[in-house]
Amino acid sequence: MAHILLVEDNIAMQTLLRDMLERGGHQVALGRTGEEALEVLEHCSELPELIVSDLNMPRMDGIELLGVVRHNPQWNAVRFIMMTANTYDDRINPETTQYLDGVLPKPFGLEDLASLLNKV
């Protein structure tokens, strides 16, 4: 299965998602903010195949994280799924989504997550 970097600032949601992904056989690294995600990427021995990031996080949001990942030649091929409770957020637009491998609207179920993971 996949090596996934999960970036979510809500601890309860992060724990739930990590457990779901690990039960699905995935290896999961965690970050609570965009900055923590970048630290994981900079110091990991093996790059994740996929980043699943929340849109709204303190200091560095998911869009800013996406920009840094896509502009780094070492990371720009890593697939990226954005989670958001507000799919009408102005930041989720055609200019942004062209750099995403999927958008996962919250709340979502196990089958929604599994379906999206199977597509990327």
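See the values below:
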quantity: Hits in region 62-92 (condition: farther than 21 Å from LEU113 by Cβ and of a type in the set (Asp, Glu)); calculated: GLU64, ASP90
quantity: In region 94-120, the residues that are exposed (fewer than 13 other Cβ atoms within 10 Å of the Cβ) and under 13 Å from ARG79 (Cβ atoms); calculated: ASN118, LYS119
quantity: Tally of residues being touching a residue at least 60 places away in the same chain (Cβ under 8 Å) and within 17 Å of MET60 (Cα to Cα) across region 6-33; calculated: 1
quantity: Lone qualifier among GLU64, GLU111 - being acidic (Asp, Glu) and either under 12 Å from the mean Cα position of the chain (by Cα) or over 18 Å from MET13 (Cα atoms) (or both); calculated: GLU64
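Read the figures in this text as sums done on the coordinates, not as results from a lab. Predicted model only: the values in this text are computed from it and were never measured. Cβ atoms come from the backbone with ideal geometry, glycine included; neighbour counts cover every protein chain shown.
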